[in-house]
Amino acid sequence: MGTVHARSMDPLPMHGRDMAVHPDDMIEVQETEQETKQEILENKDVVVQHVNIEGLGRTKEDLLGYEISEVFDAKNLIDVMKKSHIARQKLLRLGIFKEVEVVIDTSDGADALPNGLDVTFEVTEMKRLTGSYNTMVGNNEGSMVLGVKLPNVFGRAEKLTFQFSYGTKETSYGLSFFKPQPGNFERNVTLNLYKVTGQFPWSSLKETDRGISTEFNFPLLRTNHTLKWEGVWRELGCLARSASFAVREESGHTLKSALSHTMSIDTRNSAIFPKKGALLRINQELAGYTGGDASFLKEDFELQVNRRLVWDSVLSASLWGGCLFPIGGRPSSIADRFYLGGPTSVRGFGMYSIGPQSEGDYLGGEAYWAGGLHLYTPLPFRPGRGGFGDLFRTHFFLNAGNLCNLNYGEGPKAHLQKLVECIRWSYGAGIVLRLGNIARLELNYCIPMGVQSGDRICDGVQFGAGIRFL
Amino acid sequence: MSLAAEAFVSQISAADPWPENATLYQPLGEDQILLSDCASSLAVQAYLRMCNLPVQVCCRPNAEYMSPSGKVPFVHVGNQVVSELGPIVQFTKAKGHSLSDGLDDIQRAEMKAYMELVNNMLLTAELYIQWCDYNTAAEISRPRYSSPYSWPLNHILAYQKQWEVRRKMTAIGWAGKSLEQVYEDVSQCCQALSQRLGTQPYFFNKQPTELDALVFGHLFTLLTTRLTSDELREKVKSYSNLLAFCRRIEQSYFEDSQAGSSSRGFSKGPSLF
Amino acid sequence: MAAPLELYCWKGAWGLPSVDTDSLIVLAYAKFAGAPVKVHKITNPWRSPTGVLPSLKTTEKNTGSLSKPSNIIIHLRKQKYNADYDLSAKEGADTLAFVSLLEEKLLPALIYTLWVDSKNYVDVTRRWYAENIPFPLNFLLPNRIHTQQLDRLRLVRGDPTLEPGEQLEKELYYDALECMTLLSQRLGSQKFFFGDSPSSLDAYVFGHLSPLLKIKLPNGKLQQHLNSLDNLRQYCSNILVLYFPSEDREPTSHNVSVHSESSDFDNEPHKRRNQILSVLFALGSMLGYAILTGIVSIQRVPQAAIAGPQHTESRGEEDEDE
């Protein structure tokens, strides 16, 4: 008789595949509100007769069929509401709709059943072309960033983005094309074309990369896999006249053509302040067999385990490690090696300032490991609880790690010994601030220990911002 | 580093004696190095030998990018890196080794002028022949320049370099010249050098100076390099006193074989390309 | 030899027969060799036969018109106007060498100080060229030459990121000062470089040095050094007096300098007036826009409705208009 609008009740906006909120969290909120009606509605059997989508322009319908097909299986009204909610989130995840509204109505028409329901998704497509223009001011450099995005180019959730940055010192650009498999959003293909310049003052090095890459993501059982081929033309140069000769020797042009594979399992409930779950990422990269100058095999892994303790505090342990094997007798390039140290890895040390160095320029190493143990607690006395205060945490940490070059002629015992001698470690405490769902800021007081000659330390207060933290 | 700081550092290093492990870097001798780079490198090697300063020659494919000024050769002495003959002469002078101390003012002016003559005419002509002459660029320069790199980087770098040199030629007004005119310029330059040399053993009578090293570097390379045509070599050969001059320097200073790949003597035929 | 040769050059100023180095070289050589050329002093490069200045128009069928100084001098030599006739072979070689020295060491600094150094370029060079080149080229040409010269410096030094600044200036001027000192040493106390009669080398040296001597530049480090080398200064003035007496009119240069001074003086009250006018104009247009779009409105309260001391409702507090 009446209409039921199942509107969005989510406090956080959702967008495409970056969505970090798990659908299950939302269902909890809904259920508590509907409890009173649940008794009445649960017993009533319904049949979903039609599922419509209104408001389509350029989107092809066959793409959407997969997302909404499960709604047909609902048996009672609560089920219909749950499934249509899930379908709504799937539609939003495609990244081609600005808004999706669900309207559940009793069915009418010639073939209407007495307990039949019609579910209609009213969608608003995104505009064909969106542009953005920013200006950024950084270290002695200003730049103008122009972005253009075309969501849903051919009607099946393909996305084309172009970003161009014009700065006083450098220009860079990137063009990216993303295509998911219809019905299986988790499987997708991305093509990238880019030019990026970077300056690394800790090595007195500047690097310009021009490259092209293709990436194929797919889930397998409970893991996520990524297969990628990348071809990069790298141009290395000295940042200053006073760069060390070891860095000067690396200047010039190289071509790297590499295949890589990444496997990741992420059962954490959030990327930034996880309360439970674990993350395991294993990555390997093989360069040289598909052309190019650089020739190596690179392995690295990342492991993080979180466990909730009493009083809202969380204990988190993480371990990183990696190894680079040059193939064919050519020495490894400074741009491929690992770096360690800084506010995002072993705290208390200068940015990437651990390990082999020459005249003050850090050259990186071919093998490393790093571990961290953190205890996160909410702010003392919990100011701003439920709102702003929840973005902060205090943490106490213990970090350790080592970076060195291995002599691959010796056996694994010698390698292990080398990695274990001269461990750098540090401990301290600080405050962490969460930025959205992807980044965090840290302000720590660190005490570095086990410092070797040549390392640069950051004793005392250290500030860090980034995406990936030890 | 600012110029003042650099001057300060070079003053400090001037006090250090010339080390044993001084190294000169140039592109790969067999496959990569081109006419102009070979001439410049040979000039620096000749100069250092004339000063009796030991230096090892090290070949790297990325020597051009390692150099602080983008030009080869460059020397790594202690912890200083100095490129091109002019700055290297000044650097050795700061360390107390100089070949031109015995010259008076007028002779020094003439020496500098003739060095600029070689740079202005011979070096530019070499660059022109390598990169602006279609045949030489396609058959010799581009393949050699790009030999250490893999596809497609080799083509990109070779064409980039060619384009850059052509722009430079346009900027200094050489783009309109034909190959014949360039050969004529080389001939004129050799004539001037021949006139100045006359019958003396070296340009300033008894002792060699940096001018002799520079002239030797360029002329010897022109005489021993196989290009698409022999015309240039014949033109240089026609000045007998220059020929004798090159032979004299080769015998005096490069007799202990090595000297890169140019020691096999030009009487036997070209050895560089 | 019978057909007259026509030479197209840049106009002169500041007591010089021409403001451009290449034109000076050619003019000086023509005078030294006694070549009867008809000189056209123009300021529009498009009017020259080859599109650049200087350029020599010959009536020979094979040669047509020539543009670079070296080509022009070679042609004049072929026509038997040879200022180098008396030189020995060694002196001929020296000529080549010193010309190369000038081009490698002095010319980049000269280009920098006239065309790339910001203060000099804006105050002197661009002003002169903009005032003297006919419309509409005077908007395009100076800027184009400026960019061309900066590009040329970049290519010659091999550094595409070169920017005008102290570092570059220091390096270029160091070379130029050394070059000038060497020239001075070579000249010694002679009247000309090879004895008593001038040759092509003298033409080149004159062409490069006299602009530095005569053009008054705000940033004049090169000028100072040149002035300290007495024999070179004397040498240039000598050539000017002997071969270009008509240019060396004091009144002309005086006029030019007085004119520039007075124009500077005149600019002051103009500048103030322009500033006030532009501020008024900006204010007026903002007000006009505000009133027209209704952001600010001036209401007229009808006279009859006012009874007693009521304040008028004019929210717009200003009442001026343009």
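Right, residue A:426: at pLDDT 85 or above and not in a strand (DSSP E or B) or not?
No; evaluated as a whole, the condition is false for this residue.
Only residues that are over 27 Å from residue B:67 (Cα atoms) and crowded, with 17+ Cβ neighbours inside 10 Å: list them for region A:211-225, please.
Within region A:211-225, A:213, A:215, A:217 meet the criteria.
Could you list, in sequence order, the residues of region C:84-94 that are within 14 Å of chain B (Cβ to nearest Cβ) and over 26 Å from residue C:57 (Cβ atoms)?
C:87, C:88, C:89, C:90, C:91, C:92, C:93, C:94
Residues A:393, A:307, A:330, A:385: which one is free of Cβ contacts under 8 Å to residues at least 40 places away in the same chain, among the basic types (Lys, Arg) and in a strand (DSSP E or B)?
Going through A:393, A:307, A:330, A:385 in turn, the sole match is A:307.
Can residue B:171 be described as assigned to a helix (DSSP H, G or I) and modelled with pLDDT of 90 or more?
It is false that residue B:171 is assigned to a helix (DSSP H, G or I) and modelled with pLDDT of 90 or more.
When you look at residue C:51, is it in a loop (DSSP other than H, G, I, E, B), in the same structural domain as residue C:194 (by TED's automatic domain parsing) and at positive phi, yes or no?
yes
Looking at A:124, A:120, A:161, which one is of a type in the set (Ser, Thr, Tyr) and surrounded by fewer than 16 Cβ atoms within 10 Å (Cβ to Cβ)?
When all the criteria are applied, what remains is A:124.
Take the residues of region C:54-83 that are within 13 Å of another protein chain (Cβ to nearest Cβ) and part of a loop (DSSP other than H, G, I, E, B): which is most open to solvent (accessible area, probe 1.4 Å)?
Across region C:54-83, the extreme among qualifying residues is C:68.
What about residue C:34, is it more than 20 Å from residue C:95 (Cβ to Cβ), of a type outside the set (Ser, Thr, Tyr) and open to solvent by less than 60 Å² (accessible area, probe 1.4 Å)?
no
Report, by residue number, each residue of region B:76-115 that is more than 13 Å from chain C (Cβ to nearest Cβ), open to solvent by less than 10 Å² (accessible area, probe 1.4 Å) and within 21 Å of residue C:171 (Cα to Cα).
Passing the criteria: B:88, B:92.
Identify, by number, the condition in (1) at pLDDT 90 or above; (2) under 18 Å from residue B:33 (Cα atoms) that residue B:182 doesn't meet.
(2)
From C:185, C:224, which residue is closer than 22 Å to residue B:105 by Cβ and more than 22 Å from the chain's Cα centre (by Cα)?
C:185
Just the residues that are open to solvent by 20 Å² or more (accessible area, probe 1.4 Å) and within 27 Å of the chain's Cα centre (by Cα), please, taken from region A:303-332.
Listed by number, the residues that qualify are A:303, A:304, A:305, A:307, A:308, A:309, A:312, A:315, A:317, A:319, A:323, A:325.
Give region A:457-470 a look and list any residue that's touching a residue at least 40 places away in the same chain (Cβ under 8 Å) and over 29 Å from the mean Cα position of the chain (by Cα), or say none.
Answer for region A:457-470, where residues must be touching a residue at least 40 places away in the same chain (Cβ under 8 Å) and over 29 Å from the mean Cα position of the chain (by Cα): just A:459.
Going by the conditions given, is residue C:17 touching a Leu at 6+ places or on another chain (Cβ under 9 Å), in a loop (DSSP other than H, G, I, E, B) and open to solvent by 50 Å² or more (accessible area, probe 1.4 Å)?
no
Does residue C:91 qualify as being over 18 Å from the mean Cα position of the chain (by Cα), open to solvent by 10 Å² or more (accessible area, probe 1.4 Å), of a type in the set (D, E, K, R) and at pLDDT 85 or above?
In short, yes.
Filter region B:142-165 down to residues that are touching a residue at least 24 places away in the same chain (Cβ under 8 Å) and more than 10 Å from every other protein chain (Cβ to nearest Cβ) and give me whichever is surrounded by the most Cβ atoms within 10 Å (Cβ to Cβ).
For region B:142-165, the residue satisfying everything is B:145.
Considering only region A:258-277, state which residues are within 14 Å of chain B (Cβ to nearest Cβ) and surrounded by fewer than 21 Cβ atoms within 10 Å (Cβ to Cβ).
none
Would you point out the residue of region A:218-244, among those that are in contact with a helix residue (DSSP H, G or I) (Cβ under 9 Å, 6 or more places away or on another chain) and not acidic (Asp, Glu), that is farthest from the other protein chains (Cβ to nearest Cβ)?
Step by step, filter region A:218-244, then rank; the result is A:239.
Determine whether residue A:169 is within 28 Å of residue A:132 (Cβ to Cβ), modelled with pLDDT under 95, open to solvent by 50 Å² or more (accessible area, probe 1.4 Å) and within 14 Å of chain B (Cβ to nearest Cβ).
Here the answer is no, as residue A:169 does not meet what is asked.
Scan region C:159-170 and tell me whether some residue there is more than 14 Å from chain B (Cβ to nearest Cβ), part of a helix (DSSP H, G or I) and without any contact (Cβ under 8 Å) to a residue 24 or more places away in the chain.
No, because not a single residue in region C:159-170 is more than 14 Å from chain B (Cβ to nearest Cβ), part of a helix (DSSP H, G or I) and without any contact (Cβ under 8 Å) to a residue 24 or more places away in the chain.
Output the number of the condition that residue B:196 fails; it satisfies all remaining conditions of (1) over 19 Å from the mean Cα position of the chain (by Cα); (2) crowded, with 20+ Cβ neighbours inside 10 Å; (3) more than 14 Å from every other protein chain (Cβ to nearest Cβ); (4) not small (Gly, Ala, Ser).
(3)
Given the criteria hydroxyl-bearing (Ser, Thr, Tyr), under 21 Å from residue B:34 (Cα atoms) and not assigned by TED's automatic domain parsing to the domain that holds residue B:51, does residue B:209 qualify?
No; evaluated as a whole, the condition is false for this residue.
Looking at B:42, B:99, B:24, B:28, can you tell me which residue is in a loop (DSSP other than H, G, I, E, B) and at pLDDT 90 or above?
B:28
How many of the residues in region A:278-299 are more than 14 Å from chain B (Cβ to nearest Cβ) and more than 25 Å from the chain's Cα centre (by Cα)?
Looking only at that region, the number is 1.
Being out of contact with any helix residue (DSSP H, G or I) (no Cβ under 7 Å at 6 or more places or on another chain) and of a type outside the set (Gly, Ala, Ser) is the filter; apply it to region C:1-14 and report the residue that is surrounded by the most Cβ atoms within 10 Å (Cβ to Cβ).
Out of the qualifying residues, it is C:8.
With respect to the numbered conditions (1) more than 15 Å from the chain's Cα centre (by Cα); (2) in a helix (DSSP H, G or I); (3) more than 14 Å from every other protein chain (Cβ to nearest Cβ), which one is the sole condition not fulfilled by residue B:65?
(3)
(1) within 14 Å of chain B (Cβ to nearest Cβ); (2) open to solvent by 10 Å² or more (accessible area, probe 1.4 Å): which one isn't true of residue C:25, the others all being true?
Of everything listed in (1) within 14 Å of chain B (Cβ to nearest Cβ); (2) open to solvent by 10 Å² or more (accessible area, probe 1.4 Å), residue C:25 misses just condition (2).
What's the total number of residues in region A:344-367 that are in contact with a strand residue (DSSP E or B) (Cβ under 7 Å, 6 or more places away or on another chain) and open to solvent by less than 20 Å² (accessible area, probe 1.4 Å)?
The qualifying residues number 12.
The values are calculated or read from the model by the stated rules, or taken from the named source; none is laboratory data. Worth saying up front: this structure is predicted, and the values here are computed from it rather than measured. Here the Cβ is made from the backbone with ideal geometry for all residues, glycine too, and neighbour counts use every protein chain on show. Remember, those area values only see protein heavy atoms, side chains included, never the ligands or the DNA or RNA. Shrake-Rupley method; radii C 1.70, N 1.55, O 1.52, S 1.80 Å.
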